[in-house]
1. Given a Förster radius of 22 Å and the C-beta distance between D60 and T29 as r, what FRET efficiency does 1/(1 + (r/R0)^6) yield to the nearest 0.05?
2. For a quick check: with amide H placed at 1.01 Å from N, whose amide H comes under 5 Å from I25's, ignoring anything fewer than 5 positions away on the same chain?
3. Want the number for E107 to N48: 0.36 nm per residue separation, take away the alpha-carbon distance, what's left?
4. Over region 1-124, what is the percentage of antiparallel beta bridges among all DSSP beta bridges, to the nearest 5?
Amino acid sequence: MEFVGTLSMLQDGAARGVMAHEIGILSATTAFGKTVVAANIIATRKVNTLILVHRRELMDQWKERLQTFLEIQESDIGVVGGGKDKRTGKIDIAVIQSLNSKAQVKEYISGYGQIIVDECHHVSAFSFEQVLKMAKAKYVVRFNGNPSKAGWSTSDCVDAMRTDPNTH
């Protein structure tokens, strides 16, 4: 899969900064282009990726944007949420709440090489922590568009992680 978009200088710097570390946070304002940066990271790292979102609308938006910025078949992007469980194991987008069933996190989470968390300030610390305990991903990237929203701060996103992240 190839990246077919174009990054601005700021986006390119952000992508390079994130990829210099296995775990980190990209804090950027709305309309910065975090999704296009994520597409670039996915194409560059070439590992199967699970993208976590907090609303179904975001799941649909991510799928559409990935199809725009990656040379990839629609059938290679899976979704979990809103009553759907159509994973591909290549790039999957999941509503985080759908990964917890009867207080147990879905075991397949451990099979991804990279996890991207969109708007980590919206995800409850408990949900986030439960999913990451099951994950064995080498790469974990959190996108934070508004760290003060919903009572979260950047440090809250960090505290929910299993190791010390790097922030860009």
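1. On the way: r = 22 Å, r/R0 = 1.01.
Working from the Cβ atoms, E equals 0.50.
2. R142, N166, T167, H168
3. Details: separation 59, 0.36 × 59 = 21.24 nm, distance 1.55 nm.
Computed gain between E107 and N48 is 19.7 nm.
4. Details: 7 of 20 bridges.
The antiparallel fraction comes to roughly 35 percent.
FYI, it's all coordinate maths here, none of it is from the lab. The structure presented is a predicted model; accordingly, all values stated were derived computationally and were not measured. Cβ sites come from the backbone with ideal geometry, for glycine too, and all protein chains shown count toward neighbours.
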